[in-house]
Amino acid sequence: MTPAVYRRDDGTVHPPLLSPGYRSTILRAPSQAPVLLPHTLTELTGPVLGEGRVTAADADLTVRAGGGEAQGQRIVVHGRVRDENGRPVPNSLVEVWQANAAGRYLHKWDRHDAPLDPNFTGVGRCLTDASGHYRFVTIKPGAYPWGNHANAWRPAHIHFSLFGRAFTQRLVTQMYFPDDPLFGYDPIVNSVRDERARQRMVAAFDLAATVDEWALGFRFDIVLRGTEATPMETRP
Amino acid sequence: MSDGGLTPSQTVGPYLAIGLPWPDGPHVVPEGSPGAVWIRGTVRDGNGAPLPDALVETWQADPAGHFDHPDDPGGRHTEFRGFGRCPTDDGGGYAILTRKPGRVPGPGGVEQAPHIAVSVLARGLLNRVVTRIYFADEAAANAADPVLAGVPADRRATLIARPIDDGYRFDIRLQGDDETVFFAL
Ligand SMILES: [Fe+2]
């Protein structure tokens, strides 16, 4: 079976590569218009990864390193991965990485004067289940300064990487937390021009996922590219 | 909060190296595999400065032209992982050990020249950029390739990997003179 072709980006959701408020885009955004690529078998397939690469422990970021528990507010982050047609994306690799509760990454270049946590690496991965659902246990990351402009602070966020089932669906994004006062000042959040699209990057507090006496729950549903409607579906 | 619409892309940021690289990421095939070649290159910005904080990901068919994917005609029958990922080093360099892909079907039933799909992710890239690696020693196939035919002739050379001692060289220039051709997917 030849899979249907994927919907083209209409330019209203993803940020423009050149977004000068985020200074690093100025020398890194291509200046030439991209060439339209037909969706061939190369683009309609993609890496099917994870089996044998992910263990259940990889979804709990609070207990991995050091033997002790990570510092900070324990949270559950979960959601469903679907495509624009509403179909779940099952058995698909989800990778996350984040700063610790103090806003510091375990990375040689992170010079933020905030403590490292010997019990927190900030890295997790899991596979979506048959209904496209994923779930991580982690701690709420801190905001951190990033030097883009005077007094520039990133709103608290978790980096997400998704593969979907085709090369066309690959997505890297960031999950934010509700009501962050830094949203209005962050050029990376605001590189997404459409307010409704920005809201899709903000997790919702989820009482149902909150574990009594243990951890707050947040829900972050992710939508990857869908396919074009088939002729059958467009028939009047 | 989700409204069913597409989730926007955001940059990987400067600290992607804690989350995305795998120890075996650059090895699409194990070292010493028959026919294995290195694809090496440097990722540079609009000033020609190397990017020490980028990630190059590759996706390709096996040497017989099959993808390790259920939608491949014939189903998922190759053991060839097809996927490589390598973070750039302090000099902007990346290297992927793989085998040259076979030919796969293209638009209108025209066979495509051997090629590798590439995503580049980096701090300062709010979305991945997508390009393709073709091979200089496939001149006849390249001349008939339906995707290359859609690329302005004077920019096609940016998509052609050149033979080197242990494989091929494919440099990526994000911006400026000799800017790599990127594709709208
Ligand atoms: Fe970050």
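Where a number appears in this text, it was derived from the coordinates with a stated rule and is not lab data. Small disclaimer: the values here were computed from a predicted structure and weren't measured. Using ideal geometry, Cβ is built from the backbone for each residue, glycine included, and neighbour counts are taken over all protein chains shown.
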Query raised in the report: Quick one: Cα centre-to-centre distance for region A:42-64 and region A:84-142, in angstrom?
Result: 12
Report summary line: Counting only residues 5 or more apart in sequence or on a different chain, those whose built amide H sits under 5 Å from that of B:F182 are A:V35
Requested in this report: Take every Cα-Cα distance within region A:138-236, group them into 5 Å bins from 0 onward, and report for each bin the whole-number percent of pairs it holds.
Outcome: 2, 10, 17, 19, 17, 13, 10, 5, 3, 2, 1, 0
Report summary line: Taking every DSSP bridge whose two residues both lie in the protein assembly as shown, the antiparallel percent to the nearest 5 is 75
Query raised in the report: What is the P(r) of region B:1-91, as percent of Cα-Cα pairs per 10 Å bin from 0?
Result: 13, 33, 30, 20, 3
**Report entry** For region B:19-28, 3J(HN,Hα) per residue [Karplus equation, 6.51 cos²θ - 1.76 cosθ + 1.60, θ = phi - 60°, Hz, x = Gly/Pro]
**Finding:** x, 9, x, 10, x, 9, x, x, 9, 5
Query raised in the report: Amide H of A:I222: which non-local residues (sequence gap of 5 or more, or other chain) have their own amide H closer than 5 Å, using H built in the peptide plane?
Result: A:R80, A:V81, A:R82
Report summary line: Applying the gyration tensor rule to the Cα atoms of region A:23-77 (axes a ≥ b ≥ c; rounded if a/c under 1.5, else prolate if a/b exceeds b/c, else oblate), the class is oblate
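Using the Kirkwood radius over C-alpha pairs as Rh, can you work out the diffusion coefficient of the protein assembly as shown via Stokes-Einstein at 10 °C, viscosity 1.306 mPa s, in µm² per second?
72
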**Report entry** Pairwise FRET efficiency - B:S33 versus B:A140, Cβ, R0 = 30 Å, nearest 0.05
**Finding:** 0.65
**Report entry** Alpha-carbon centroid distance for the pair region B:100-122 / region B:58-83, whole angstrom
**Finding:** 12
Query raised in the report: With +1 on each Lys and Arg Cβ and -1 on each Asp and Glu Cβ, how big is the dipole of region B:16-173 about its Cα centre, in debye rounded to the nearest 20?
Result: 360
Query raised in the report: Counting Lys +1, Arg +1, Asp -1, Glu -1, what net charge surrounds B:D166 among other residues with beta carbon under 12 Å of its beta carbon?
Result: 0
Query raised in the report: Give or take rounding to whole Å, what are the principal axis extents of the alpha carbon atoms in chain A, in descending order?
Result: 57, 41, 31
Query raised in the report: From the phi of every residue in region B:99-111, what ³J(HN,Hα) in whole Hz does the Karplus formula 6.51 cos²θ - 1.76 cosθ + 1.60 yield, where θ is phi - 60° and glycine or proline is x?
Result: 10, 5, x, x, 8, 10, x, x, x, x, x, 7, 5
Query raised in the report: Once amide H atoms are built 1.01 Å from N in the peptide plane, which residues 5 or more positions from A:Y144, or in another chain, come under 5 Å H to H?
Result: A:R154
**Report entry** Charge context of B:G82, other residues only, Cβ under 12 angstrom, K/R +1, D/E -1
**Finding:** -1
Report task. Indicate, rounded to the nearest 5 percent, the antiparallel portion of the DSSP beta bridges found entirely in chain A. Result -> 75
Query - Filtered trypsin sites (Lys or Arg not before Pro), region B:16-87: DSSP coil and at most 15 other beta carbons within 10 Å - result: B:R76
Query - Derived scalar couplings ³J(HN,Hα) [region A:114-130; Karplus, 6.51 cos²θ - 1.76 cosθ + 1.60; whole Hz; x for Gly, Pro] - result: 9, x, 7, 10, x, 9, 9, 8, x, 10, x, 8, 7, 10, 5, 7, 4
Query raised in the report: Do you know the relative contact order of region B:16-173, to the nearest whole percent, from alpha carbon pairs under 8 angstrom that are 6+ apart?
Result: 27
Report task. List the equivalent ellipsoid semi-axes of region B:16-173 in whole Å, largest first, each obtained as the square root of 5λ for an eigenvalue λ of the Cα gyration tensor. Result -> 24, 20, 15
Report task. Considering only A:V202, A:V223, A:V48, give the residue with the highest GNM mean-square fluctuation for chain A, with springs between Cα atoms whenever their separation is below 10 Å. Result -> A:V48
